[in-house]
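Undergrad: If you scroll down you'll find the structure; I have some questions about it.
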Amino acid sequence: MLYHVYEWQRAALGPARAMADATRMTFSNPLNPLSRNAFGRSIAASAELFERMTRRYEKPAFGLTETVLDGKAVAVSEEIVWRQPFCNLLHFRRDLPDNGEKSPRFLLVAPMSGHYATLLRGTVEAMLPHGDVFITDWVDARDVSLADGSFDLDSYVDYVIEMLRHLGPDTHVIAVCQPSVPVFTAVARMNELDDEAAPSTMILMGGPMDTRLSPTAVNDLAAEKGIAWFRDNVIMTVPWPLPGAGRKVYPGFMQLSGFMTMNLDRHVIAHKDYFLHLVQNDGDSAEKHREFYDEYLAVMDMTAEFYLQTVESVFIRHDLPLGQMQHREWKVDASAITKTAIFTIEGEKDDITGHGQTKAALDWCTGLPASMKKHYTQPNVGHYGVFNGSRFRKHIVPRIVEFAKDHGAN
């Protein structure tokens, strides 16, 4: 019922948003004398703030049109090379000469945890100069018809395996945060089957592999509430006339309320500063705010079965570290990983994935020699800094590329 109320409220505010937008344009028009004083800019700023706080933010674009190789600009284009109802595999094709030289192939597995894959725009941008980049572009569950079936944690693992087989041998798979567990499961299964498409390397970045270690507030919430609480309080039904009407989901707006609550003071201050920047005609600062929140406030629904299975298996029962993780009828055997080198990366100040949670995976891979296992903790970064930002570009990317070259065929 709450989902229906949310959609009704958003529709009901449509005329008010249109009026606010018209007011903003009127009072910011340079032909209007009031646009040049604090009174007029205050009205325009108030109208813009109202419109932005009541809109639904659509999926952002990656917007990556070029990269730099050897000091030269190279055009980049997006293409979907594999698709399923809940995910598209997106390739960032670089316009390179066909001279026979091969670059490392990277599969970025983006988290299905509320935000779109565009959250990894900076990750993709940083990796493009170093190799051929593909990314999982997850589809908003509210846009997937019930006729397309369900999607759970087992389905996620199936998708990863299918994508790796589509890309072929000598792929380097990078799991950012949440997908670390299903990616690890997929790689273990492919190694056990001696699948020729098993990746050369697996890079796990800030992933909740063993949430018993250095538990964070996110981990404590799952342990405290139990799976029944999540099933009763956050699972809702997509309303008509959305394409996924009738599907049980964990709605994006519910996830966003959780994100915002964790750092509410910071968001309140950010919006207050945004208003002041607009009044002061500080266009650069205002634009930075828009860019950040256009991404941050764009959220997607997750299927109920995927969300609940992940919470229960990863955060409550700790199936993987206890050796009880299953993919369908198959029990995950970490010791079966014998030909995929593994690199774990953590952030020193990560408050989402605690210290040691990702590194724990190295100890489970008893079938790998020490030379095929590596760990790195990036000083002075939180969760986001593990896969984005200046320290990621300067310190983490070179280590990923070096690891891929050391253990790949190319």
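None of the figures in this text is laboratory data; all of them are computed from the coordinates on show. What you see is a predicted model, and the numbers here were worked out from it, not measured in a lab. Note: ideal-geometry Cβ built from the backbone for every residue, glycine included; neighbour counts use all protein chains shown.
Undergrad: When the chain is modelled as a GNM with alpha-carbon springs shorter than 10 Å, which of ASP143, ASP301, ASP284 fluctuates the most?
TA: Greatest mean-square fluctuation among the candidates belongs to ASP284.
Undergrad: A further question on this structure: Filter the trypsin sites (Lys or Arg not before Pro) in the stretch 369-410 down to the DSSP loop ones having no more than 15 other Cβ atoms within 10 Å, then list what survives.
TA: Working: sites: LYS373, LYS374, ARG391, ARG393, LYS394, ARG399, LYS405; in loops: none.
Qualifying residues, ordered by number: none.
Undergrad: How large is ³J(HN,Hα), in whole Hz, for each residue of the stretch 360-370 in order, when computed from phi with the Karplus curve 6.51 cos²θ - 1.76 cosθ + 1.60 and θ = phi - 60°, using x for Gly and Pro?
TA: Ordered by residue, 3J(HN,Hα) equals 3, 4, 4, 5, 6, 7, 6, x, 9, x, 4 Hz.
Undergrad: Exposed loop sites here are GluC sites (Glu not before Pro) in DSSP loop states with at most 12 other C-beta atoms within 10 Å. What is the longest stretch of the chain lacking them? Each step should come with its number before you reach the end.
TA: Numbers: sites that count: GLU58, GLU101, GLU196, GLU329.
Longest gap between qualifying sites, sites excluded: 197-328.
Undergrad: Taking only the C-alpha atoms, wrap a convex hull around the chain and report its volume per residue in Å³ as a whole number.
TA: Residue-normalised Cα hull volume stands at 157 Å³.
Undergrad: How about LYS272: which lysines have a C-alpha closer than 18 Å to its C-alpha, ignoring those fewer than 8 places off in the same chain?
TA: Within the straight-line limit of under 18 Å, LYS272 reaches these lysines: LYS288.
Undergrad: Which trypsin sites (Lys or Arg not before Pro) in the stretch 15-96 pass both tests, a DSSP loop state and at most 14 other beta-carbon atoms within 10 Å?
TA: Numbers: sites: ARG17, ARG24, ARG36, ARG41, ARG52, ARG55, ARG56, LYS72, ARG83, ARG93, ARG94; in loops: ARG55, ARG56.
Those satisfying the criteria are ARG56.
Undergrad: Kindly give Rg over Rh for the stretch 111-247, based on alpha-carbon atoms, with the Kirkwood expression for the hydrodynamic radius. Write down the numbers at each step before the final one.
TA: Working: Rg = 17.1 Å, Rh = 17.2 Å.
Value, to two decimals: 0.99.
Undergrad: If you don't mind, there's one more thing I want to ask. Pulled fully out, how much extra length does the chain show between SER145 and THR366, if you take 0.36 nm times their separation in residues and subtract their Cα-Cα distance?
TA: 75.3 nm
Undergrad: Sticking with this one: Which aspartates and glutamates, if any, have their Cα less than 14 Å from the Cα of LYS102, not counting same-chain residues under 8 positions apart?
TA: List returned: ASP132, ASP170.
Undergrad: How large is ³J(HN,Hα) for each residue in the stretch 183-189, as worked out from phi by the Karplus curve 6.51 cos²θ - 1.76 cosθ + 1.60 (θ = phi - 60°), to whole Hz, x for Gly and Pro?
TA: Per-residue couplings from phi come out as 5, 4, 4, 5, 5, 4, 5 Hz.
Undergrad: Continuing with this model, one more query. So if each residue of separation counts as 0.36 nm, and I subtract the Cα-Cα distance between GLU348 and ASN233, what length gain in nm does that give? Kindly include the intermediate steps, with their values, before the conclusion.
TA: Values: separation 115, 0.36 × 115 = 41.40 nm, distance 3.29 nm.
Between GLU348 and ASN233, full extension yields an extra 38.1 nm.
Undergrad: Grab the Cα-Cα distance for ALA223 and THR26, subtract it from 0.36 nm times how many residues apart they are, and report the gain in nm with one decimal.
TA: On the way: separation 197, 0.36 × 197 = 70.92 nm, distance 5.19 nm.
Gain on extension, ALA223 to THR26, equals 65.7 nm.
Undergrad: Straight-line reach from LYS248: which lysines fall under 19 Å, measuring Cα to Cα and dropping same-chain residues less than 8 apart?
TA: none
Undergrad: Can you give the FRET efficiency to the nearest 0.05 for THR338 and GLU162, using r as the Cβ-Cβ distance and R₀ = 25 Å? Kindly include the intermediate steps, with their values, before the conclusion.
TA: Values: r = 22 Å, r/R0 = 0.88.
With R0 = 25 Å, the Cβ-Cβ based efficiency is 0.70.
Undergrad: Using each residue's phi in the stretch 103-108, evaluate 6.51 cos²θ - 1.76 cosθ + 1.60 at θ = phi - 60° and report the 3J(HN,Hα) Karplus result to the nearest Hz, with x for Gly and Pro.
TA: Karplus-based 3J(HN,Hα) across the stretch 103-108 equals 9, x, 9, 10, 9, 8 Hz.
Undergrad: Grab the eigenvalues of the alpha-carbon gyration tensor for the stretch 300-383, scale each by 5, take roots, and send me the semi-axes largest first in whole angstrom. List each step's numbers first, then the result.
TA: Details: eigenvalues 108, 91, 21 Å².
Equivalent ellipsoid semi-axes, largest first: 23, 21, 10 Å.
Undergrad: Using the structure shown, list the pairs from LYS339/LYS394; LYS373/LYS405; LYS349/LYS394 with a Cα-Cα distance above 25 Å, or answer none. Write down the numbers at each step before the final one.
TA: Numbers: LYS339/LYS394 29 Å; LYS373/LYS405 14 Å; LYS349/LYS394 18 Å.
Exceeds cut-off: LYS339/LYS394.
Undergrad: Could you work out [θ]222 nm for the chain from helices alone, using -39500 (n - 2.57) per DSSP H run of at least four and dividing by all its residues? Round to the nearest 500 deg cm²/dmol.
TA: Details: 14 runs with 158 residues, N = 410.
Counting only the DSSP helices, I get -12000 deg cm²/dmol.
Undergrad: Percent relative contact order of the stretch 339-410, based on C-alpha pairs within less than 8 angstrom and at least six residues apart? Please list the in-between numbers first.
TA: Working: 79 pairs, mean separation 26.6, N = 72.
Reported as a whole number, the value is 37 percent.
Undergrad: Under 5 Å between amide hydrogens, which residues at least 5 positions from ASP351 or on another chain qualify, with H placed 1.01 Å from N in the peptide plane?
TA: Residues meeting the criterion, in which the H sits 1.01 Å from N, are HIS383.
Undergrad: Still on this structure, I have one more. Amide H of TRP330: which non-local residues (sequence gap of 5 or more, or other chain) have their own amide H closer than 5 Å, using H built in the peptide plane?
TA: Here the answer is none, since no amide H 5 or more places off falls under 5 Å of that of TRP330.
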